[in-house]
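Step one of this worksheet: look at the structure below.
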Amino acid sequence: MTEKPVSPRIPLLERDQVSPEIAAVYDALLKQRGVVPNMFKTLAHTPGLALGIAGFLKSLLGDSALPGWYKELVATRLSVLQDSQYAISAHALSAKQKGASDSQIAAAQGDFEAGPFTEKEKLGFRCADRLHRSPREVDDGFFAELKRVYTDSEIVELVASAAAFELFPRLVDGLRIPTTPIPPELAGKKD
């Protein structure tokens, strides 16, 4: 699906327009992702928020109790459920950069149940889908299913990842932030 070009509601700030502290965030993002996401070029208008979100996302989406590529796929899944082209593009690219295959990315965007995932990973996607519809859907019975296969740390990361990506698609779409172009050197890479 091709997204219609949009004009940002807030101007995107380039590296030469930001404080040294935010420039360091830009440099880290460029090194990690090959591009500075337009979300950060918008958040740079409020440096404290940009720094806080950068720190939050780094700890949330890095490898820890759950692998970063899987949490990026959870973020991709939530972005699909919210129909946020910006967030779908951003998290699919990050998932790929962290080791997800093209078939896993495609399945997270569509029918994850038929995708190349373990039963544990499919259960995590079901959890994200339930949280998207209503946190009440993660009832005691479903939570008991999670506890059978996930550690407490994994559950916290899974739920935090799913919850966070209820916020970020709304942020980028509410501010009409244009989708960040995929760097040419990454655009053509496949499994």
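The values are calculated or read from the model by the stated rules, or taken from the named source; none is laboratory data. These numbers come from a predicted model, not from an experiment. Cβ coordinates were reconstructed from backbone atoms using ideal geometry, including for glycine residues, and neighbour counts include every protein chain displayed. These area figures cover heavy atoms from the full protein model, side chains too; ligands, DNA and RNA do not enter into them. Shrake-Rupley method; radii C 1.70, N 1.55, O 1.52, S 1.80 Å.
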Quick one: what pairs do we get from the range 39-50, first residue over 11 Å from Y26 (Cβ atoms), second of a type in the set (D, E, K, R) and modelled with pLDDT of 95 or more, C-beta under 9 Å, 6+ apart or different chains? T42/R9; P47/E21
Taking the options T42, T118, name whichever one is surrounded by 14 or more Cβ atoms within 10 Å (Cβ to Cβ), of a type outside the set (A, V, I, L, M) and over 12 Å from the mean Cα position of the chain (by Cα). T42
Could you grab me the full set of residues in the range 139-156 that are over 18 Å from S64 (Cα atoms) and outside any helix (DSSP H, G or I)? D139
In the range 70-89, which residues are under 17 Å from I182 (Cβ atoms) and either in contact with a Gly (Cβ under 8 Å, 6 or more places away or on another chain) or aromatic (F, W, Y) (or both)? Y86
Pick from A163, A144, A187: which is surrounded by fewer than 18 Cβ atoms within 10 Å (Cβ to Cβ), modelled with pLDDT under 95 and of a type in the set (G, A, S)? A187
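This table checks each residue for (1) in contact with a Ser or Thr (Cβ under 9 Å, 6 or more places away or on another chain); (2) charged (D, E, K, R).
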| site | (1), (2) |
| --- | --- |
| A23 | no, no |
| V35 | yes, no |
| G48 | no, no |
| K58 | no, yes |
| S64 | yes, no |
| L73 | no, no |
| I88 | yes, no |
| L93 | yes, no |
| A108 | yes, no |
Search the range 88-112 for residues that are more than 14 Å from R33 (Cβ to Cβ) and pair each with any residue that is of a type in the set (S, T, N, Q) and assigned to a helix (DSSP H, G or I) when their beta-carbon atoms are under 8 Å apart and the residues are at least 6 apart or on different chains. I88/T76; I88/S79; I88/Q109; I105/T76; A108/T76; Q109/T76
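Please determine, by comparing only the residues of the range 76-104 that are among the hydrophobic types (A, V, I, L, M, F, W, C) and in contact with a His (Cβ under 9 Å, 6 or more places away or on another chain), which one is surrounded by the fewest Cβ atoms within 10 Å (Cβ to Cβ).
First pass over the range 76-104, keeping only residues among the hydrophobic types (A, V, I, L, M, F, W, C): 78, 80-81, 87-88, 90, 92-93, 95, 100.
So of that shortlist, the ones also in contact with a His (Cβ under 9 Å, 6 or more places away or on another chain) come out as 78, 81.
On the way: L78: 28, L81: 17.
This residue is L81.
Taking the stated definitions as given, is K31 under 24 Å from P184 (Cβ atoms) and of a type outside the set (F, W, Y)?
For K31, the condition - under 24 Å from P184 (Cβ atoms) and of a type outside the set (F, W, Y) - is met.
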Members of the range 121-140 that are open to solvent by less than 30 Å² (accessible area, probe 1.4 Å) and within 17 Å of the chain's Cα centre (by Cα): G124, F125, C127, A128, D129
